[in-house]
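One structure below.
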Amino acid sequence: KIQPSPVASPLMARRHALLLLLAPWCCTFLAPLVSRRVRTPTRRNAVAGNSEREELWAKRRDQMILPGARVVSAGGKQGSAFVISNSENGTYVITCHHVIKDSIKQIDRWDPIEKSSKKVEQLLPVSVETFRYDLHGRHLQTVTTSADIVAYCAYGDQWSFEGDLALLKLKAPVEITAAALISEKNFEEVRALDEVVMVGCPDSSEVPLPTTGHVASLSEVRAGIGLMLSQVFGNPGSSGSAVYRFSPERNQYEVIAVHSLTDGRGSLTSLGRGNFLRLSVQAPEIHKFLRSHQLLHLVQPKEAQGTKSAPKKAAKTAKTASTGTKTATKAKKKATS
């Protein structure tokens, strides 16, 4: 059987009546307090948010967009590049060897002493284009400068692959920001699935274009050279592009590889276009390349260079002091005798 609800007592009836009378007053006084808690962000918070976005954009622009460059070889072949060093010693750019390969000639030169012809390497100048932008990243100007080939390691094939790197030095200084190359030690921080940004000039684009992706593998090897497989979209002309990764420890974007060739596993067509798997020369190989040509100082911080030279300077000072002491002792003995 369904039991009837108990009859409300006179006290309960009075409480309900009191709540009904106070309800409008509670809504009137509590509504402003509640609205303050759910109010949209204040102007101060909005300004702070805009400042953070501007700071992030400035960092991306200065550390990834501005160092980007385009290379045109003597034969007209175009590829990508990036500024690796810009100081009083000059502006240096890194690209791929196969991009500027037709600027390296082997010519016959007659030797009058040995009366025979010898093969001599002739390095033709390369054209390098750098770019200037406004505060919003819109392209303003393209600066074309001639550059000399300073060093290179051959592209070769799957058995004679030497690294596919080339270092160029601009003949005239250019006001431009250089990219930061991750150190060999810090490269150990790179992991598969790390987000990356590749900045280059596919299909001879007017300006460098950034494409995003991630590290797919760090285990690829070609003729003993360590390569990084990354999932980033590109087309012919992307060779020489810098592959960036953000370092939370150092709060900056760093070059972790240089795009060199495509991987057939990521081809969308049989014509070599539309590839989303790309093989890049890892940063440690770039350091080895620069070290073999005694150019590692281009990517080393000035503090590190000063630290290395300090012990030599201290040793030289100590040696001079020691020599001076010996000379003074000899002079004293001579005066006594």
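No other residue among L227, L279 is at pLDDT below 95, aliphatic (A, V, I, L, M) and either open to solvent by 10 Å² or more (accessible area, probe 1.4 Å) or not in a strand (DSSP E or B) (or both) apart from L279.
Residues being of a type in the set (V, I, T), closer than 14 Å to E285 by Cβ and in contact (Cβ under 8 Å) with a residue 12 or more places away in the chain are represented in the range 211-229 by at least one member.
Checking T177, T130, T145 one by one, the residue that is β-branched (V, I, T) and farther than 20 Å from R60 by Cα is T145 and no other. Scanning the range 198-224 for residues that are out of contact with any helix residue (DSSP H, G or I) (no Cβ under 6 Å at 6 or more places or on another chain), β-branched (V, I, T) and either in a strand (DSSP E or B) or at pLDDT 95 or above (or both) turns up T211, T212, V215, V221. Screening the candidates D148, D164, D102 for the property of being under 19 Å from S73 (Cα atoms) and open to solvent by less than 30 Å² (accessible area, probe 1.4 Å) yields one hit, D164.
Here A154 fulfils each of the conditions (1) modelled with pLDDT of 90 or more; (2) surrounded by 10 or more Cβ atoms within 10 Å (Cβ to Cβ) apart from (1). Whether a residue is farther than 21 Å from L261 by Cβ, surrounded by fewer than 11 Cβ atoms within 10 Å (Cβ to Cβ), more than 18 Å from the chain's Cα centre (by Cα) and hydrophobic (A, V, I, L, M, F, W, C) was assessed, and L135 passes this test.
Residue under question is I107, and the condition is that it be β-branched (V, I, T) and in a loop (DSSP other than H, G, I, E, B); does it hold?
Values: β-branched (V, I, T): yes; in a loop (DSSP other than H, G, I, E, B): no.
It is false that I107 is β-branched (V, I, T) and in a loop (DSSP other than H, G, I, E, B).
Taking the condition more than 25 Å from L56 (Cα to Cα), open to solvent by 40 Å² or more (accessible area, probe 1.4 Å), assigned to a strand (DSSP E or B) and in contact with a Gly (Cβ under 8 Å, 6 or more places away or on another chain), does K119 pass? Considered against the rule, which asks whether it is more than 25 Å from L56 (Cα to Cα), open to solvent by 40 Å² or more (accessible area, probe 1.4 Å), assigned to a strand (DSSP E or B) and in contact with a Gly (Cβ under 8 Å, 6 or more places away or on another chain), K119 comes out as no.
Taking first residues from the range 232-247 that are at positive phi and partners that are outside any loop (DSSP other than H, G, I, E, B) and not small (G, A, S), the Cβ contacts under 6 Å between residues at least 6 apart in sequence or on separate chains come to G237/Q78; G237/P202; G237/D203; G240/T95; G240/V99. Which condition number in (1) over 26 Å from H297 (Cα atoms); (2) at pLDDT 95 or above is the one that V258 fails? It fails just one condition, (1).
Among residues that are among the small types (G, A, S), open to solvent by less than 60 Å² (accessible area, probe 1.4 Å) and modelled with pLDDT of 85 or more, S267 is not included. For the range 45-100, the set of residues classified as touching a Pro at 6+ places or on another chain (Cβ under 8 Å), modelled with pLDDT under 95 and charged (D, E, K, R) is empty. Just one of (1) aliphatic (A, V, I, L, M); (2) open to solvent by less than 80 Å² (accessible area, probe 1.4 Å); (3) in contact with a Lys or Arg (Cβ under 7 Å, 6 or more places away or on another chain) fails for A74. It is (3).
Restricting the first member to the range 76-92 and to residues that are in contact (Cβ under 8 Å) with a residue 24 or more places away in the chain, and the second to residues that are part of a strand (DSSP E or B) and open to solvent by 60 Å² or more (accessible area, probe 1.4 Å), the beta-carbon pairs closer than 8 Å and six or more apart or on different chains are G90/K169; T91/K169; Y92/V150; Y92/K169. Of the set (1) under 18 Å from E189 (Cβ atoms); (2) without any contact (Cβ under 8 Å) to a residue 60 or more places away in the chain; (3) open to solvent by less than 30 Å² (accessible area, probe 1.4 Å), all apply to I256 but (2). Looking at the structure I just gave you, is E220 in contact with an Asp or Glu (Cβ under 9 Å, 6 or more places away or on another chain) and of a type in the set (D, E)? Taking the combined requirement at face value, the residue satisfies it.
Whether any residue in the range 128-138 is without any contact (Cβ under 8 Å) to a residue 60 or more places away in the chain, part of a strand (DSSP E or B) and polar (S, T, N, Q) is what I want to check. Scanning the range 128-138, I find no residue that is without any contact (Cβ under 8 Å) to a residue 60 or more places away in the chain, part of a strand (DSSP E or B) and polar (S, T, N, Q), so the answer is no.
Within the range 236-250, is there a residue that is among the hydrophobic types (A, V, I, L, M, F, W, C), open to solvent by 30 Å² or more (accessible area, probe 1.4 Å) and at pLDDT below 95?
To start, the set of residues in the range 236-250 that are among the hydrophobic types (A, V, I, L, M, F, W, C) comprises 242-243, 246.
Okay, now just the ones that are also open to solvent by 30 Å² or more (accessible area, probe 1.4 Å), so 246.
Those left that are additionally at pLDDT below 95: none.
No, the range 236-250 has no match at all.
The values are calculated or read from the model by the stated rules, or taken from the named source; none is laboratory data. Computed from a predicted model, the values in this text were never measured in an experiment. Reconstructed Cβ throughout: ideal geometry from the backbone, glycine too, with neighbour counts over all protein chains shown. Accessible surface areas use protein heavy atoms only, side chains included; no ligands, DNA or RNA. Shrake-Rupley method; radii C 1.70, N 1.55, O 1.52, S 1.80 Å.
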